[in-house]
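The values are calculated or read from the model by the stated rules, or taken from the named source; none is laboratory data. None of the values given here were measured: they were computed from a predicted structure. Cβ coordinates were reconstructed from backbone atoms using ideal geometry, including for glycine residues, and neighbour counts include every protein chain displayed. The protein model used for the area step is the full one, side chains on, heavy atoms only, and it has no ligands, DNA or RNA in it. Shrake-Rupley method; radii C 1.70, N 1.55, O 1.52, S 1.80 Å.
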Amino acid sequence: MNRQLQIDDFSLRAHRLAVERLRADPARIADLTATLERWQLQSGKTRSDSYWEEWRAILASGVNAIEAATCGTDDHAVVLRSVSPIGILITQEERSELRRAAGLGAIQPGERCLSGTEKTP
């Protein structure tokens, strides 16, 4: 499997885990919304703004909408996963496990994680 497919596999696995977390505790959607707001305040205007607005609408629609939008394999789901705030729902240990499962191995120096913000589930 090529590296991009491995990254896509990792991201899909991470989003499926996040959806499980949100089903167990839907109130965590507020954390995701707060993360989006913080990103927009910190970064100003970016090319991701339209996707972040779409994310805001998805989050407002609940867990089923999050799953439908991000757990598919179509191109739009892949793009939404690439600008997703769900990284705060996954621990570093889980992230490492998901990377191994996707064939990515350990995070390399200078490589970006799914999210720069950590919160425990």
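Every condition in (1) open to solvent by 30 Å² or more (accessible area, probe 1.4 Å); (2) of a type outside the set (Val, Ile, Thr); (3) touching a residue at least 40 places away in the same chain (Cβ under 8 Å) holds for Glu54 except the one numbered (3).
For the stretch 65-83: of the residues being part of a helix (DSSP H, G or I) and open to solvent by 40 Å² or more (accessible area, probe 1.4 Å), which is nearest to Leu17 (Cα to Cα)?
The initial filter retains those residues of the stretch 65-83 that are part of a helix (DSSP H, G or I), namely 65-70, 75-82.
Among the residues that remain, those that are also open to solvent by 40 Å² or more (accessible area, probe 1.4 Å) are: 67-68, 75-76, 78-79, 82.
Values: Glu67: 10, Ala68: 14, Asp75: 20, His76: 19, Val78: 16, Val79: 18, Ser82: 16 Å.
Across the stretch 65-83, the extreme among qualifying residues is Glu67.
For the stretch 85-92, state whether one or more residues are hydroxyl-bearing (Ser, Thr, Tyr), over 15 Å from the mean Cα position of the chain (by Cα) and either closer than 22 Å to Gln4 by Cα or surrounded by fewer than 17 Cβ atoms within 10 Å (Cβ to Cβ) (or both).
Of all residues in the stretch 85-92, those hydroxyl-bearing (Ser, Thr, Tyr) come to 91.
Applying the additional criterion that residues be over 15 Å from the mean Cα position of the chain (by Cα) yields none.
No, because not a single residue in the stretch 85-92 is hydroxyl-bearing (Ser, Thr, Tyr), over 15 Å from the mean Cα position of the chain (by Cα) and either closer than 22 Å to Gln4 by Cα or surrounded by fewer than 17 Cβ atoms within 10 Å (Cβ to Cβ) (or both).
Per the conditions (1) modelled with pLDDT of 70 or more; (2) out of contact with any Cys (no Cβ under 7 Å at 6 or more places or on another chain), the sole criterion not satisfied by Arg95 is (2).
So that you can scan it fast, the table gives a plain yes or no per residue for (1) acidic (Asp, Glu); (2) surrounded by fewer than 16 Cβ atoms within 10 Å (Cβ to Cβ); (3) within 11 Å of the chain's Cα centre (by Cα):
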| position | (1), (2), (3) |
| --- | --- |
| Ile7 | no, no, no |
| Phe10 | no, no, yes |
| His15 | no, no, yes |
| Ala24 | no, yes, no |
| Ile29 | no, no, no |
| Ala34 | no, yes, no |
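Tally up the residues in the stretch 33-64 that are part of a loop (DSSP other than H, G, I, E, B) and within 21 Å of Arg21 (Cα to Cα), please. Outline the logic, then answer.
Taking the stretch 33-64 as the starting set, the residues that turn out to be part of a loop (DSSP other than H, G, I, E, B) are 44-48, 62.
Subset that is within 21 Å of Arg21 (Cα to Cα): 62.
Result for the stretch 33-64: 1.
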